[in-house]
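Reading through the structure tokens given below for one structure.
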């Protein structure tokens, strides 16, 4: 948990407006500037981006538009943004993601599990897409260099997030002041250490792209089946539908009967297996509600909400282990987690995937997903 702190400063600065902007760590690094620290502005080619530029989003078909990523989309394991017309943006080139850019979540609050102030590297999953005004993109003078990747790794640390958040301005929803971001100083390291860090960052970036490529290839195998192609063509367009059903009814919500058109009936005739045939007894369940009491390591367990399960870098919080059934508290290593809270976003097929609702994800490491079934 973040603990409150108090300290004094010798000389107040014009660029700061409150105690939040005074970071004792940043002051310590600045005093050693030129010795063993790196100034962020000295590594960046430019801080001119589309961050903070407000524009109207005009939705269109994917074949005619570009994909716009919110800050949540940028941190998702499978980025799926909103498709808009490119002329919605006055300067589209300022919003386009370039390989090895450092993307910073630029709007939010100081809550412990907020994305605000956190960084993600732009690799093959994100490059070529466009950013909303809520994401600050940092472009290095030498993109993908050892220096820039080391800098990114430091910004991912708790200290790095704290330094980035110290540049905040605003009241309820905070934003980053770009001029102050350039003045952030980080500790330098030996060439050997920086090379080692950069190598690990490159490996992580490559494997993220490989994960997305292989999961899409696996889906294409299913979607290429003749019956799957026909079913997808019948329910691809999201529109108002009418349906006649004789029952029995497990729900009275009309969308559950008519939303897929005749695709459900078609697949029921061709595919005899049901989901229940592949699951253990009582294998579909939500966890119960319980009080989430914050604590710190080594006590408690890691708790991930629905957003974190589908994030490329989950931001867990530490809570006291509740006294409930272990089965409902911990996720088995062989389980599939399905996002079960949300909404059906948009009226068109090209907008339907933006919300995480009803997406599924495999459990990659069950020790990191303790208690997350209560949310998904």
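The values are calculated or read from the model by the stated rules, or taken from the named source; none is laboratory data. Only a predicted model underlies this, so the values are computations on that prediction, with no experimental measurement involved. Because the Cβ atoms are built from the backbone with ideal geometry, glycine has one as well, and the counts that use them run over all protein chains shown.
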Inset, instruction - Could you tell me whether segment 54-73 includes any residue that is surrounded by fewer than 14 Cβ atoms within 10 Å (Cβ to Cβ) and in a helix (DSSP H, G or I)? - result: no
Inset, instruction - Return the total of residues in segment 134-145 being surrounded by fewer than 20 Cβ atoms within 10 Å (Cβ to Cβ) and in a loop (DSSP other than H, G, I, E, B). - result: 5
Inset, instruction - Restricting attention to helices (runs of 4 or more DSSP H) lying wholly within segment 146-228, give those where 1 or more residues are at pLDDT 95 or above. - result: 146-155, 191-223
Inset, instruction - May I ask you to verify whether residue 240 is surrounded by fewer than 14 Cβ atoms within 10 Å (Cβ to Cβ), free of Cβ contacts under 8 Å to residues at least 12 places away in the same chain and part of a loop (DSSP other than H, G, I, E, B)? - result: yes
Inset, instruction - Restricting attention to segment 266-304, report how many residues are assigned to a loop (DSSP other than H, G, I, E, B), within 25 Å of the chain's Cα centre (by Cα) and modelled with pLDDT of 85 or more. - result: 7
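Where residues in segment 325-337 are part of a loop (DSSP other than H, G, I, E, B) and in contact with a helix residue (DSSP H, G or I) (Cβ under 9 Å, 6 or more places away or on another chain), which of them is surrounded by the most Cβ atoms within 10 Å (Cβ to Cβ)?
In the first step, residues of segment 325-337 are kept if they are part of a loop (DSSP other than H, G, I, E, B); the result is 325, 330-335.
Next, from what is left, pick out any that are in contact with a helix residue (DSSP H, G or I) (Cβ under 9 Å, 6 or more places away or on another chain): 330-335.
Values: 330: 19, 331: 24, 332: 13, 333: 12, 334: 9, 335: 17.
Filtering first and then ranking leaves 331.
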Inset, instruction - Looking only at segment 98-112, decide whether some residue is part of a loop (DSSP other than H, G, I, E, B) and either in the same structural domain as residue 317 (by TED's automatic domain parsing) or free of Cβ contacts under 8 Å to residues at least 24 places away in the same chain (or both). - result: yes
